[in-house]
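Please read the structure below before turning to the comments.
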Amino acid sequence: MALSLVNFVVVIAAVLLIIGLMVVNAVIMVYAERKTAGFIQRRPGPYEVGPWGTVQAICDSMKLLGKQIFIPGNVDWILFFAAPVLAFFPVLLLFLPIPFGPYLTALKVDEGILLILAFAGFGVISNILAGWASNNKYGLLGAARAVSQSVAYEIPMIMALLGVIFLTGSMNLTQIVERQGAWPWQWNLAVQPLAFFIYVVSMVGETNRAPFDLPEAESELTAGFHTEYSGMGFALFFLSEYANMLLVCCVCATFFLGGWRGPFLDGFWWTFIKAYALMMFIVWIRWTFPRVRFDQLLNINWKWLLPLSILNLWITAVILKFVD
Amino acid sequence: MDRFNFINPFGVRYQPDTVAGDFYTNNFAKKAESNTIILNLGPQHPSTHGVLRVIVELDGEYVLRAEPVLGYLHRMHEKMGEVKTPWQFLPNMGRVDYLHPIAWNWVHVGAVERLAGITVPERAEYLRVISCELNRVASHLMWWGAFVMDLGGVTPILYAFEEREKINDILQIVSGSRLTISYFRFGGVSADADDRFLRLTAEFVPYLRQRLKMYQALVTDNIILRRRLEKVGPIGVDMCQRYGATGPVLRAAGLNRDTRRDIPYSVYPKFDFNIPTGPVDDCLGRYLVRLAEIEASLSIIEQALESLPAGPILPPKAPKPTFKLPAGESYFAVEGARGQIGLHLISDGGKTPYRVKLRAPGFSNLSLFAEAARGTLLADAIAILGSLDLVIPEVDR
């Protein structure tokens with residue numbers, strides 16, 4: 001695809017829109033998560049600031065903006081500052097190939113999913129840098145956990161997506177959506193249920209959310225790799241965490257749940273409805289289950305998810321061969 | 001590192017690597033192996049619940065050695081017992097263990113009564129049993145919530161708080177306070193139970209039984225929780241006896257010991273209650289024993305409410321605040337939520353006791369942590385620490 005001036009302008013506009021989306025997403029998700037947590041824990045959640053506490057998230061972000069950036073002694077300050085920025089920036093690229101709607105795709109490339117998976121790996125680097133640069137033992141342990149967890153959970157994730165890619169015969173996300181129908185039984189979920197299950201589990205693992213939030217396990221490592229971060233450093237990690245959540249949910253919606261195809265009226269709203277439904281599912285899990293132990297986390301991955309995903313891929317390939 | 005020894009734009013100067021740390025860390029580090037991390041868990045750490053500090057030596061995530069450091073909440077309760085009259089010392093007892101203050105009330109009041117030969121009216125004994133068991137239920141509920149929070153489940157503690165609020169409301173009717181209760185007086189209790197107290201208590205028992213069923217389904221049977229607790233941190237009878245551990249920790253190990261039955265006091269012999277012992281001595285065993293103890297306490301409360309006699313709550317010649325202890329010594333032990341609580345009182349006949357010794361079960365239970373945590377994963381060590389049910393003010397006294 002030639003990068004003409006029009007494309008360039010489109011991509012720049014898309015990046016700006018994505019920054020907006022990330023911020024809005026974080027504000028909405030902070031509010032939604034706190035209200036959901038309140039509902040699950042039988043308390044009201046935020047309700048003081050604004051009607052039903054809706055302004056709470058904005059006030060929180062203002063507070064984080066205004067906070068002094070505290071740097072502990074003996075830290076490698078270049079890496080210490082680079083880490084949150086590195087966590088934030090890849091996410092901008094990651095949203096480009098996502099087809100939100102039939103006419104709402106920033107970057108129509110044939111290898112869309114490859115681009116996403118490649119840049120998603122950057123998140124790990126920022127975690128390592130954050131943990132290493134903060135000169136903190138909790139941070140170091142959190143970083144070590146983050147690396148082995150992310151590396152482990154990327155593999156079944158890719159394997160699960162490969163099943164769908166085999167079916168569609170394309171890595172172009174728009175084509176993957178177009179091959180699926182509007183109704184749930186026409187989605188890839190119906191033909192690849194095992195892959196969907198594996199993807200959802202590894203998606204929770206990949207975004208470091210409970211019950212797989214080992215890198216920032218509060219009761220063990222206080223806050224893991226971002227223990228020493230305050231103010232905007234912390235806010236950037238937070239933003240990128242929610243943006244990553246939205247990303248994996250968008251990918252899930254695109255691959256398994258029909259993307260922008262939906263009953264009655266196709267459009268970008270279906271992508272968002274599906275993605276946010278998945279996000280609320282992750283939130284629900286987080287406030288319900290205790291955390292797994294680290295060896296259990298790796299066991300789930302290497303002993304169950306990986307063999308299952310290979311099996312799924314093999315079955316898909318065999319069936320496709322015979323159908324042809 | 002000299003290359004980096006400059007002032008960064010934010011004014012933080014790089015310093016050469018020095019071995020930082022206080023006496024405890026440095027002393028602990030002397031025996032460290034090479035390529036290990038020495039990590040300070042606490043005194044400010046989310047899962048040490050208060051100001052306990054544990055120094056651990058980690059090989060990766062495995063705990064090679066652990067050493068608790070105490071004293072961050074030492075408040076000299078024993079010394080205060082020597083400079084205050086028994087009456088003035090009474091409110092201290094609610095502050096020793098903020099989760100089960102009534103048991104500490106009881107141990108002090110009981111030791112003084114034993115020394116001065118004061119008889120307690122039967123109604124007061126029943127009220128003591130009811131309030132103490134209610135408080136034990138509150139303490140166990142609080143532990144349950146905090147323990148599941150140590151394992152990463154944030155929600156149950158808020159459910160536990162809700163139940164505990166109801167107990168606090170009930171105890172507030174008679175004692176006037178909600179946390180640092182001092183309800184007992186020498187010879188009885190400070191206030192009689194009114195109808196509201198009795199009605200709310202009677203309503204609370206079936207309510208909590210119903211809730212416990214929900215907790216069983218929601219938390220206890222959860223597969224993640226089971227896998228986190230099964231076979232983690234086995235503490236056998238032998239280890240318990242070497243360190244003097246009592247209470248649910250000892251009972252989970254399989255030894256059926258309970259002060260309420262073995263060294264009977266008050267009107268406990270009149271009640272028929274189950275003393276749960278664990279089938280397994282791991283963290284899950286301790287978890288199940290505590291939940292079963294809630295049921296046992298509820299049954300005691302029910303029986304006490306049924307047979308609550310009428311009568312006075314203080315003896316006719318109840319001691320006045322000016323009373324003097326006779327010379328001599330006495331020891332009184334009760335079963336607290338964390339194990340056997342004891343108070344040894346020595347008086348030389350003066351205004352204040354000569355010596356007051358408090359036996360805190362948490363102290364003994366904590367001392368076995370170093371051995372139990374050896375060779376476990378960090379997450380398991382946190383689970384073991386949580387399963388000991390520590391209340392730091394009680395450990396430090």
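What follows draws every value from the coordinates through simple rules; no lab data is involved. None of these values were measured; they are calculated from a predicted model. Counting neighbours? That spans all protein chains shown, and the Cβs are built from the backbone with ideal geometry, glycine included.
The local environment of B:Ser367, defined by Cβ-Cβ distances under 15 Å, has a net charge of +1 under the rule Lys, Arg +1 and Asp, Glu -1. Helix A:77-94 and the long axis of chain A differ in direction by around 30°, with both axes built from C-alpha atoms. Remark on B:Leu64: its backbone amide H falls under 5 Å from those of B:Glu57, B:Leu58, B:Asp59, B:Gly375, a criterion applied only to residues 5 or more positions apart or on other chains, H modelled at 1.01 Å from N.
Look at A:Ile69, B:Ile301 and count the other Cβ atoms within 10 Å of each Cβ; fewest to most, that gives A:Ile69, B:Ile301. Per-residue HN-Hα couplings for region A:128-134, Karplus 6.51 cos²θ - 1.76 cosθ + 1.60 at θ = phi - 60°, whole Hz, x for Gly and Pro? Karplus-based 3J(HN,Hα) across region A:128-134 equals 4, 4, 4, x, 6, 6, 6 Hz. Neighbours of B:Arg196 by Cβ distance under 11 Å: Lys/Arg scored +1, Asp/Glu scored -1, total -3. What you get for region A:77-323, charging only the Cβ of Lys and Arg (+1) and of Asp and Glu (-1), is a dipole of about 360 debye around the Cα centre. Considering only A:Asp110, A:Asp295, A:Asp76, the Gaussian network model of chain A with Cα springs below 10 Å gives its largest mean-square fluctuation to A:Asp295. Checking the cross-link pairs B:Lys31/B:Lys79; B:Lys166/B:Lys213; A:Lys274/B:Lys213; B:Lys166/B:Lys324; A:Lys108/A:Lys274 against a 27 Å limit on the alpha carbon distance flags B:Lys31/B:Lys79; A:Lys274/B:Lys213; B:Lys166/B:Lys324 as lying beyond it.
Using Cβ point charges alone (K and R +1, D and E -1), the dipole size of region B:77-365 about the Cα centre works out to roughly 620 debye. In order along region A:164-171, the Karplus-derived 3J(HN,Hα) couplings, from 6.51 cos²θ - 1.76 cosθ + 1.60 at θ = phi - 60°, round to 5, 5, 4, 4, 7, x, 8, 9 Hz, and Gly and Pro are given as x. Distant-in-sequence amide contacts of B:Val232, defined by a placed amide H-H separation under 5 Å and a gap of 5 or more residues or a different chain, comprise B:Cys283, B:Leu284.
Exposure proxy ranking for A:Cys250, B:Cys132, based on other Cβ atoms within 10 angstrom of each Cβ and starting from the fewest, stands as A:Cys250, B:Cys132. Which of the three applies to region A:172-324, rounded, prolate or oblate, going by the alpha-carbon gyration tensor with a ≥ b ≥ c and a/c under 1.5 meaning rounded? Verdict is oblate for region A:172-324.
With the Cα gyration tensor of region A:124-172 giving a ≥ b ≥ c as the square roots of its eigenvalues, does the rule (a/c under 1.5 for rounded; else a/b larger than b/c for prolate; else oblate) give rounded, prolate or oblate? Verdict is prolate for region A:124-172.
Within the shell defined by Cβ-Cβ distances under 15 Å, the residues around B:Leu171 carry a net charge of -1, with Lys and Arg each +1 and Asp and Glu each -1.
Simple rule: put +1 on each Lys or Arg Cβ and -1 on each Asp or Glu Cβ in the protein assembly as shown, find the dipole, and look at A:Tyr276, A:Met245, A:Gly53; the Cα lying farthest toward the positive end is A:Gly53.
With an a/c value of 1.5 or above and a/b larger than b/c for the gyration tensor axes a ≥ b ≥ c computed over the alpha-carbon atoms, chain B is described as prolate.
The amide H of B:Arg53, built 1.01 Å from its N in the peptide plane, has B:Val69 as neighbours under 5 Å, considering only residues 5 or more places off or on other chains. For A:Ile310 and B:Glu371, a Förster radius of 45 Å and the Cβ-Cβ distance give a FRET efficiency of 0.55, rounded to the nearest 0.05.
The P(r) of the protein assembly as shown has a tail past 43 Å containing 38 percent of all C-alpha pairs. Could you work out how far helix B:378-387 tilts from the main Cα principal axis of chain B, as a 0 to 90 degree angle to the nearest 10? On a 0 to 90 degree scale, this one is about 10. Note that region A:110-119 has calculated 3J(HN,Hα) couplings of 6, 10, x, 5, 5, 4, 4, 5, 5, 7 Hz, one per residue in order, obtained from phi through the Karplus relation 6.51 cos²θ - 1.76 cosθ + 1.60 (θ = phi - 60°); glycine and proline are x.
Dipole magnitude for the protein assembly as shown: about 1160 debye, using +1 per Lys or Arg Cβ and -1 per Asp or Glu Cβ, origin at the Cα centre. Taking B:Ala217, B:Ala160, B:Ala193 in turn, the Gaussian network model of chain B (Cα-Cα springs below 10 Å) assigns the largest fluctuation to B:Ala217.
Can you tell me how much longer the chain between B:Thr322 and B:Arg178 gets when fully stretched, taken as 0.36 nm per residue apart minus their C-alpha distance, in nm with one decimal?
Full extension of this stretch gives 49.1 nm more.
Exposure proxy shown here: for A:Phe225, A:Phe238, the number of other Cβ atoms within 10 Å sets the order, fewest to most, as A:Phe238, A:Phe225. The angle separating the long axis of helix A:306-323 from the principal Cα axis of greatest extent in chain A is about 20 degrees.
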